[in-house]
């Protein structure tokens with residue numbers, strides 16, 4: 001079966017004001033709204049569109065993390081994923097471990113594509129997709145803004161510093177999604193009801209036989225230096241004058 | 001002792017300044033030996049430029065026809081070959097380095113630190129997370145080889161040294177894949193400055209009310225030589241294209257001047273602009289959160305203020 005694997009991560013919602021804990025041991029996540037990482041939503045949307053064009057038959061969504069992550073898998077199922085895999089672990093997972101886990105799942109699922117967000121908005125690492133491609137020995141097309149599948153190949157336009165780069169890769173391949181690729185669909189209430197009946201399989205991370213514990217040690221977390229409130233001006237003339245005074249005009 | 005390999009970024013002819021910034025980061029590690037590797041089709045010119053930078057002890061020139069375009073799948077096995085014996089492997093946190101370095105790290109079975117903003121020692125680094133809303137200090141266990149991308153905005157470029165470092169040719173023995181092919185690259189198409197790198201940015205929010213009304217911002221931006229951005233609310237409302245989005249889920253930018261017009265200042269937007277040198281906010285709501293971080297604020301109707309600013313600037317020129 002032509003299958004697409006999409007990995008999603010549960011993260012603090014992009015609209016939440018991030019607060020560092022007073023003791024510097026981390027970022028406050030208790031009682032904070034959690035969501036699917038926005039770039040992963042784009043990854044899922046792209047997989048669904050490829051399936052809707054008849055170029056794939058099944059979209060499998062996977063997440064790695066504690067029990068709470070099931071909420072995000074249900075959201076993904078409501079968006080249209082066919083089934084979900086929950087790799088259950090309470091161990092903090094670094095990108096190399098995530099890539100090793102996904103690599104194991106690929107052995108079983110044999111997808112034509114693995115689509116991931118280009119980065120998670122919590123650790124901002126931007127590593128997992130590339131690491132997965134390396135461990136899989138397959139092509140990577142990162143920061144994608146356009147994906148076209150044709151036969152055994154994908155043509156991917158990438159957002160790079162120089163502009164737009166186009167690559168042709170043989171399938172199977174890993175794609176990571178940039179913001180411009182698509183706009184994810186909204187989930188409708190009937191879809192949420194339907195999603196409750198879709199299959200969600202839980203896999204104990206320890207059963208996969210990969211090294212899970214983090215290598216790096218987070219010593220302390222700090223808030224960045226704060227910007228202070230500046231001056232208020234009364235009209236456009238004063239604004240232009242203030243900019244001139246700062247040498248900005 | 002630390003041995004640091006820096007993967008050079010270049011366009012085939014010129015060394016990208018991001019590489020000299022990586023060298024500055026590496027120099028913060030006391031006693032480190034710094035070696036730059038240039039992977040190119042013909043890297044002689046780039047290698048010569050890298051050899052001029054103070055602090056570089058050697059330059060490795062790795063020529064191969066497959067290196068004409070910087071494809072991570074092609075470069076990664078070569079970087080791994082060259083990285084033998086190095087304790088640290090650095091690349092710039094540009095799209096080049098972000099694409100390549102994790103692939104290298106996975107092949108080396110090494111952890112990676114992304115966006116390093118400070119190297120406090122050979123094993124202690126600082127990096128931003130949550131789009132810069134928190135800074136974390138990270139320790140790498142002793143004896144662990146580490147791969148890192150260096151946040152270019154955090155370092156000045158290392159300057160030229162007194163004498164050029166030696167350049168050594170290295171032959172590629174690693175097997176290279178054929179599954180990834182370069183097709184084309186097109187430069188950013190707009191005749192306006194690129195939003196990501198522009199020194200001036202004019203951004204609009206939901207208060208603009210329509211895509212048509214964004215015209216007043218384009219007009220002002222053209223007068224200022226500025227790029228045009230938008231808040232997520234304006235993008236979601238269809239007033240502006242998705243690639244114009246500034247904020248945590250859009251572009252994170254650090255222009256000299258950021259002019260926020262009709263943007264209330266949702267957290268995710270503020271996250272994208274907090275490294276801007278000067279933030280100017282125009283909003284009819286005096287309580288808008290954008291004013292808490294703006295250097296210059298003006299409460300009023302944007303539809304009268306924006307054209308007036310344009311007129312005043314025009315009169316001054």
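Of note:
- Taken together, B:288, B:294 contain a single residue that is farther than 18 Å from residue A:243 by Cα and either within 8 Å of chain A (Cβ to nearest Cβ) or within 30 Å of the chain's Cα centre (by Cα) (or both), which is B:288.
- The residue of region A:181-197 that is farthest from the other protein chains (Cβ to nearest Cβ), among those that are farther than 9 Å from residue A:78 by Cα and in contact with a helix residue (DSSP H, G or I) (Cβ under 6 Å, 6 or more places away or on another chain), is A:184.
- Any hit, region A:145-168, residues being within 19 Å of the chain's Cα centre (by Cα) and farther than 27 Å from residue B:252 by Cβ: no
- Only one of the numbered conditions (1) more than 8 Å from chain A (Cβ to nearest Cβ); (2) within 30 Å of residue B:152 (Cα to Cα); (3) not in a strand (DSSP E or B) is not met by residue B:258, and that is (3).
- Residue match in region B:46-57 (condition: farther than 20 Å from residue B:159 by Cα and more than 10 Å from every other protein chain (Cβ to nearest Cβ)): no
- Those strands (runs of 3 or more DSSP E) lying entirely in region B:71-146 with at least 1 residues more than 10 Å from chain A (Cβ to nearest Cβ) and modelled with pLDDT of 95 or more: B:88-92, B:112-116
- Inspection of region B:48-70 identifies at least one residue that is under 18 Å from residue A:130 (Cα atoms) and not in a helix (DSSP H, G or I).
- Subset of region A:4-18 [surrounded by fewer than 20 Cβ atoms within 10 Å (Cβ to Cβ) and modelled with pLDDT of 95 or more]: A:13
- Of the listed requirements (1) crowded, with 24+ Cβ neighbours inside 10 Å; (2) within 27 Å of residue A:180 (Cα to Cα), residue B:294 misses just one: (2).
- Filtered residues of region A:126-164 (kept if within 8 Å of chain B (Cβ to nearest Cβ), under 22 Å from residue A:103 (Cα atoms) and surrounded by fewer than 24 Cβ atoms within 10 Å (Cβ to Cβ)): A:135, A:137, A:138
- Restricting the search to strands (runs of 3 or more DSSP E) fully inside region B:162-244 and requiring at least 3 residues that are at pLDDT below 95 and either surrounded by fewer than 21 Cβ atoms within 10 Å (Cβ to Cβ) or within 14 Å of chain A (Cβ to nearest Cβ) (or both) gives B:180-187.
- Among the residues of region B:261-271, those that are in contact with a helix residue (DSSP H, G or I) (Cβ under 7 Å, 6 or more places away or on another chain) and assigned to a helix (DSSP H, G or I) comprise B:268, B:269, B:270, B:271.
- Entry remark, region B:272-284: residues being more than 8 Å from chain A (Cβ to nearest Cβ), part of a loop (DSSP other than H, G, I, E, B) and under 26 Å from residue A:12 (Cβ atoms) number 2 in total.
- In region B:1-27, the residues that are over 20 Å from the mean Cα position of the chain (by Cα) and in a loop (DSSP other than H, G, I, E, B): B:1, B:2, B:13
- Tally, over region A:212-249, of residues that are loosely packed, with under 12 Cβ neighbours inside 10 Å and more than 7 Å from chain B (Cβ to nearest Cβ): 7
Rundown of residues vs (1) surrounded by 22 or more Cβ atoms within 10 Å (Cβ to Cβ); (2) under 20 Å from residue B:147 (Cβ atoms), yes/no style:
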{"site": "B:17", "(1), (2)": "no, no"}
{"site": "B:24", "(1), (2)": "no, yes"}
{"site": "B:28", "(1), (2)": "no, yes"}
{"site": "B:34", "(1), (2)": "yes, yes"}
{"site": "B:39", "(1), (2)": "yes, yes"}
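- For region A:213-236, the candidate set comprises residues that are in contact with a helix residue (DSSP H, G or I) (Cβ under 6 Å, 6 or more places away or on another chain) and at pLDDT 95 or above; within that set, the residue that is farthest from residue A:27 (Cα to Cα) is A:236.
The values are calculated or read from the model by the stated rules, or taken from the named source; none is laboratory data. Model, not experiment: these values are computed from the prediction. Reconstructed Cβ throughout: ideal geometry from the backbone, glycine too, with neighbour counts over all protein chains shown.
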